[in-house]
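See below for the structure under consideration.
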Amino acid sequence: MTTEERLEKLERELTAARRPNRWLLAAVGVAAGGVAVAVLTLALTWNKTTPAPQAQAPGAVPKTIRANEFIVEDAEGKPRAWLRADKDGSVLTLFDENGKGRAVLAASKDMAWLEMPDENGKTRALLRVTKDGPWLGLLGDNGLAWLLADKDGPTLKLLDEHAKPHAGLVVTKDGPMLSLWDENGKPRVGLMAAKDGPVLFLFDEHGTIRAELGKSKTTMPDGKTIGFPESTLLLFGQDGKLIWQAPQD
């Protein structure tokens with residue numbers, strides 16, 4: 001799998017992962033949905049009017065409590081934690097003093113999920129674990145960072161505020177690879193530390209390779225494949241064909 005294919009795969013997985021499941025969306029909705037908050041307020045009010053439980057004799061305290069839903073409130077009666085489970089999975093939501101969801105931990109059949117929004121409700125960190133491996137996403141005001149670890153090796157990808165990639169690092173069994181993209185999402189620089197030696201690639205604004213430095217193999221205009229030493233520099237034309245090399249044959 002090439003660097004481009006691995007990074008495109010990561011992009012698709014992250015885009016799909018940001019679509020929350022129904023039960024996850026419902027958990028976050030408790031902090032913002034008016035109807036849900038009203039129902040929760042009624043439940044909390046009922047809890048306040050319920051007589052306090054009487055002390056029980058030693059040994060009479062139940063060892064296990066079973067329920068489908070738990071709500072934890074602070075001293076002022078505000079919900080601060082909500083734990084529930086249904087046929088789709090289980091979810092724990094933690095709220096701040098303003099009723100904003102600040103952390104969501106969920107588990108379903110296919111994945112475990114942790115999401116942490118800021119005080120304005122904007123997601124800042126995402127952590128997901130599936131059968132294919134874990135990935136971590138960090139979202140700032142001016143860019144994104146994705147870290148994926150799967151069977152092909154760890155991958156780090158950096159994107160701008162428009163979700164366009166600008167840097168990618170992949171570690172494979174053949175060696176690490178670094179890729180840099182321009183503002184249009186075109187690859188411009190590639191660096192690979194292969195087993196036979198490091199290789200540097202330079203691309204033009206169309207993504208066509210224009211220069212290669214290092215030990216590699218290339219196909220000559222006559223169709224012959226030649227292996228070059230570490231000190232070789234190859235220059236290519238706009239059509240991708242070799243136009244100059246050093247050392248000369």
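Things worth noting here:
- One way to sum up the overall shape of region 86-164 is the equivalent ellipsoid from its Cα gyration tensor, whose semi-axes run 23, 21, 7 Å, largest first.
- Other residues lying with their Cβ under 15 Å from the Cβ of Phe70 contribute a combined charge of -1, Lys and Arg counting +1, Asp and Glu -1.
- Proportion of all alpha-carbon pairs of region 149-206 beyond 17 Å (%): 43
- At an R0 of 51 angstrom, the distance between the Cβ atoms of Asp88 and Asp204 translates into a FRET efficiency of 0.55.
- Diffusion of region 70-126 by Stokes-Einstein, at 10 °C in a medium of 1.306 mPa s and with Rh set to the Kirkwood radius over alpha-carbon pairs, works out to 133 µm²/s.
No lab work stands behind these numbers, since they all come straight from the coordinates. For clarity, every value in this text was computed on a predicted model and none was experimentally measured. In this analysis, Cβ positions are derived from the backbone assuming ideal geometry, glycine residues included, and neighbour counts consider all displayed protein chains.
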